[in-house]
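Undergrad: Dropping the structure in here first, questions after.
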Amino acid sequence: MKSKLIAVQEGLHEAAKILREKGYRVTTIDKAKEPIDVIIYSNRNNDYLAHNTTGEIRVPSYNQFVKMINVEEVDINNLVSTIEELE
């Protein structure tokens, strides 16, 4: 199993599935209890808004300098290789 903890935006189920299959630990921003290594998000995904009425994402201080990847910019098929390039 890979050691990186990846937070995936709500609704990006396919991205979460791919990452789990590759051995990454996957969580959401809201459920993370330890520092996140990478956040996967989408500008086109509005599912998070259904759970977040403030429009703000509150990130604990230990996650202030997290790498973020927009799945539209890298394409879902290149997601794993993009994360591996960060290592």
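The values are calculated or read from the model by the stated rules, or taken from the named source; none is laboratory data. Bear in mind the structure is a predicted one, so any value in this text is a computation, not a measurement. Every residue, glycine among them, receives a Cβ derived from its backbone with ideal geometry; neighbour counts consider all protein chains shown.
Undergrad: Taking the condition of being assigned to a helix (DSSP H, G or I) and at pLDDT 90 or above, how many residues in region 1-52 meet it?
TA: 9
Undergrad: Quick one: in region 1-26, of everything that is in contact with a Lys or Arg (Cβ under 8 Å, 6 or more places away or on another chain) and within 20 Å of F65 (Cα to Cα), which residue is surrounded by the most Cβ atoms within 10 Å (Cβ to Cβ)?
TA: Residue satisfying both the conditions and the ranking: I6.
Undergrad: Still on this model: Evaluate the following for G55: is it on the phi > 0 side of the Ramachandran plot and at pLDDT 90 or above?
TA: The answer is no for G55.
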